[in-house]
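Q: Provided herewith is a single structure, encoded as C-alpha cells, for subsequent inquiry.
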Amino acid sequence: MVWDAHARQVVQEAVEGKINRFRASARLNVSLRTVQRKMKEYRERGEECFEHGNKGKAPSNKVDLDAIIAFIEEHDLSGCNFTELARLLDEYQGISISSSCLRKRMFGEGILSVKCKKKTRKKLKKLLRWMREQEQELDRQRAQVLSALEAEDLSGVWVHPTKPRSKYFGERLEMDASSYVWIKGLGKCTLHVCIDDASGFLLGLWLEAEETLHGYYKLMEQVLGTYGIPLSIRTDRRTVFVYNKKGEADPAKDTMTQFAYACSQLGVELRCNSDPDFKPKVERANQTLQGMLPFRFTMEGIHNLEQANEYLQQSFMPYFNELFGYATDYMEGRWRKIDSVFVECSSEKIRTILAVLCERSVNKGSSIQMDSRFYALVDHTGRRIALPYHAKVTVARLLDGSLYATRKEQCYALQRIPDRYAFSPQVDPEQEKPRKARAPRPKMPDSHPWSFKRQMQFKRSDALMKSLEPCYKSPYETQYA
C-alpha cells in the first residue's frame, strides 16, 4: 500500500468523522483492519505515520563504494575485471558483493570493466551524452570517459566456433605459453600452461622469463607425476615442438625436437598447429589467467619467479580447478564422472624421460666439454672411466641439473673437473686444508631411453614426421580468408 496524498486525505477525513471507516476501506481498497490501524497511528503520531520507518537510513547490507575504490587504489587493481575484483574483495577485504552489483555501482560512476561488451560501452556513451545535454557540463572523470568512448573503434566480429569437449579425462591436453606482465616490476614473463580439454582442469603451470623447453618439461613433470601419461597433446608450431628451417615450408621436412622425442618415448601423440582454434581451451585459459594472476600476485606480495611458481602449484591450481573445472558431466540422461585414460608413470621414468640429449666427443684428457666446462666420466662405484679419444657419447641433462653420459648401453655420471686446485700443500697453511669429503657414489638410472642413434633415427622417420600434420582445418579458415 502506497500512502500517497489521496490515501492520506481519506484517513484524515475518517479520523475527523467526515466519513466512516467502511467507506474509507472501500475508497482505499484495503481491509477494514488496515484502516483502523492507520487511524490509530494518525491520532498518535500525526503525519509521521505515513512515512516508512527506514526512511533516511542506510540499508544494513549496503556496501560502501568509497571503501571499494580505496581498496582498488591501494593495491593498484585498476585493470582488474569486476568478476575477479568481487572475489578479491571477499577473500582479502571481507567485503561480500556480487559481480553484477559491483558492475552496476561502477557503471553509475562511469567506470567500465576491462572485459565489458560492446553494448555496455554504447549504453554508457549514450547515458553520458544525455547527461551532458541535461547538465551542459560533465565532471572531469565522466568527460574523460566519454572522450575515450567516442574515440574507440567498436568494430569486430566473433570468429571462434563452439566445439564439443573430449570424452575422457586425459584424452587431449593443450599446452601453450603466454607472454605478459604477470608480476609487477619484472616486466614481461612467460607462463607455460597445460589444461585438459575434457574437464577444464589446469594440470600444470610454470612461470619463466622466456618460453623454453625447460618450462614445458616442468609442465610434463607436473602432469606425469600427479596424473600419469596422457593420450595426446596439442600445441602450436613453436621451435620447442617442431623446427622448420628457413626457406623450407614443407611440413615433411620438419625437424623433430627434444620434446617430441620425449613424447614418443612415453607413447604420447603430439600434434602441432598454429591456428588458435586448434587448441581453444588453453587460449581461453590464457585470457582468464591474465585477468586473475597479476592481481593475486600483488595481493600475496609475490615479487619473484620462485615465489610465483610455489604459489601456482600449491594454492592457485587447486583454487582454479575448483572454481572452473568439472569432474562430472551430464551424459546419457544422468550425471556421470568423467573417466580417465591416464596411465600411471613411475618417478624414475619421469626423471629419465624428461632429459635434454646431445652428442659429445671424448678429448685426449679422457673428459668431455659442456658449457665451457670439463667433465670426467664416473661409473656407479665412483671410479673415473677413460674412454678412447674421439669416442662418441650421448649426454643427458636431467631436470634436476644432473648430467649423465651413455655409450654402448653403458651409463656414466659426469663430475665437473675444477679449473684449479682449491688447496696448495706447498704454499697454503695446513690448517686451511679442506677436509677431504668422501665422494658419493653417483645414482645410475635402472633403465634409460638415452641413445643418440635412436634419436637421429626418430628425427629422420617419415611416419613420425607426418604425426605433426594435424587432422584439423578451421571451418572459418576459408570464410574469413
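Q: Relative to the Cα centre, what is the charge dipole magnitude of the chain, using +1 at the beta carbon of each Lys and Arg, -1 at the beta carbon of each Asp and Glu, and rounding to the nearest 20 debye? It would help to have the intermediate numbers written out before the result.
A: Working: 77 positive and 63 negative charges, 161 e Å.
The dipole of the chain has a size of about 780 debye.
Q: Right, another one. Any chance you could check the Cα centroid distance between the range 325-396 and the range 49-124 for me, in angstrom?
A: About 52 Å separates the Cα centre of the range 325-396 from the one of the range 49-124.
Q: Using 7 Å Cα-to-Cβ label points, what is the residue 391/residue 151 separation (nm, one decimal)?
A: Spacing of the two 7 Å Cα→Cβ label points: 7.1 nm.
Q: Rounded if a/c is under 1.5, else prolate if a/b is larger than b/c, else oblate: which is the range 197-240, with a ≥ b ≥ c the root eigenvalues of its Cα gyration tensor?
A: prolate
Q: Okay, moving on. Nearest 10 degrees is fine. How inclined is helix 5-16 to the longest principal axis of the chain, computing both from alpha carbons?
A: Helix 5-16 sits at roughly 50 degrees to that axis.
Q: How much net charge surrounds residue 172 when only the other residues with a Cβ under 13 Å from the Cβ of residue 172 are counted, with Lys and Arg +1 and Asp and Glu -1?
A: +2
Q: Check the range 173-337 and count each lysine pair with an alpha-carbon distance under 26 angstrom, considering only pairs eight or more places apart or from different chains.
A: Number of lysine pairs found: 12.
Q: Further, regarding this structure: Let me check I've understood the local charge: for residue 228, count other residues with C-beta under 13 angstrom from its C-beta, Lys and Arg +1, Asp and Glu -1. What total comes out?
A: Overall, the nearby charge balance is -3.
Q: Let me ask you something else. Against the longest alpha carbon principal axis of the chain, how many degrees, from 0 to 90 and to the nearest 10, is the axis of helix 65-75 turned?
A: In the chain, helix 65-75 runs at an angle near 20 degrees to the longest axis.
Q: Another question, if that's okay. Just need the relative contact order of the chain here, percent rounded to a whole number, with Cα pairs under 8 Å and 6+ apart.
A: 12 percent
Q: Which shape class, rounded, prolate or oblate, goes with the chain when its Cα gyration tensor gives a ≥ b ≥ c as root eigenvalues, a/c under 1.5 marks rounded, and past that a/b bigger than b/c marks prolate?
A: prolate
Q: If you take the beta carbon distance between residue 361 and residue 184 as r and set R0 to 56 Å, what does 1/(1 + (r/R0)^6) give as a FRET efficiency, to the nearest 0.05?
A: After rounding, the FRET efficiency stands at 0.75.
Q: Against the 2.2 N^0.38 Å scaling, with N counting residues, where does the range 5-50 land? I'd like the Cα-based Rg ratio to two decimal places.
A: 0.98
Q: Which net charge results for the neighbourhood of residue 276, defined as the other residues with beta-carbon distances under 10 angstrom from its beta-carbon, given Lys and Arg at +1 and Asp and Glu at -1?
A: -3
Q: Normalised by the residues of the range 173-337, what does the relative contact order come to in percent, with Cα pairs under 8 Å and at least six apart?
A: Reported as a whole number, the value is 27 percent.
Q: So how far, in whole Å, is the C-alpha centre of the range 133-148 from the one of the range 176-220?
A: So the two Cα centres are separated by 42 Å.
Q: Decide, for the range 35-121, between rounded, prolate and oblate: order the square roots of the alpha carbon gyration tensor eigenvalues as a ≥ b ≥ c, take rounded if a/c falls under 1.5, and otherwise choose prolate if a/b is larger than b/c, else oblate.
A: prolate
Q: I need the calculated FRET efficiency for the pair residue 131 and residue 34, taking r as the beta carbon distance and R₀ as 56 Å, to the nearest 0.05. Walk me through the numbers on the way to the answer.
A: Values: r = 42 Å, r/R0 = 0.74.
My answer for the efficiency is 0.85.
Q: What does the helix-only formula give at 222 nm for the chain: each DSSP H stretch with n ≥ 4 adding -39500 (n - 2.57), the total divided by the residues, and the result rounded to the nearest 500 deg cm²/dmol?
A: -10500 deg cm²/dmol
Q: Same structure, new question: Of the DSSP beta bridges with both residues in the range 173-337, give the percent that are antiparallel, rounding to the nearest 5.
A: Bridges in the range 173-337 are about 75 percent antiparallel.
Q: Right, something else. Normalising by the residue count of the range 5-50, find the relative contact order in percent from Cα pairs under 8 Å and 6+ residues apart.
A: Working: 31 pairs, mean separation 16.5, N = 46.
Normalised by residue count, the contact order of the range 5-50 is 36 percent.
Values quoted throughout were computed directly from the atomic coordinates according to the rules given, and no laboratory measurement underlies them. Quick caveat, the model's predicted, so the values are computed rather than measured. In this analysis, Cβ positions are derived from the backbone assuming ideal geometry, glycine residues included, and neighbour counts consider all displayed protein chains.
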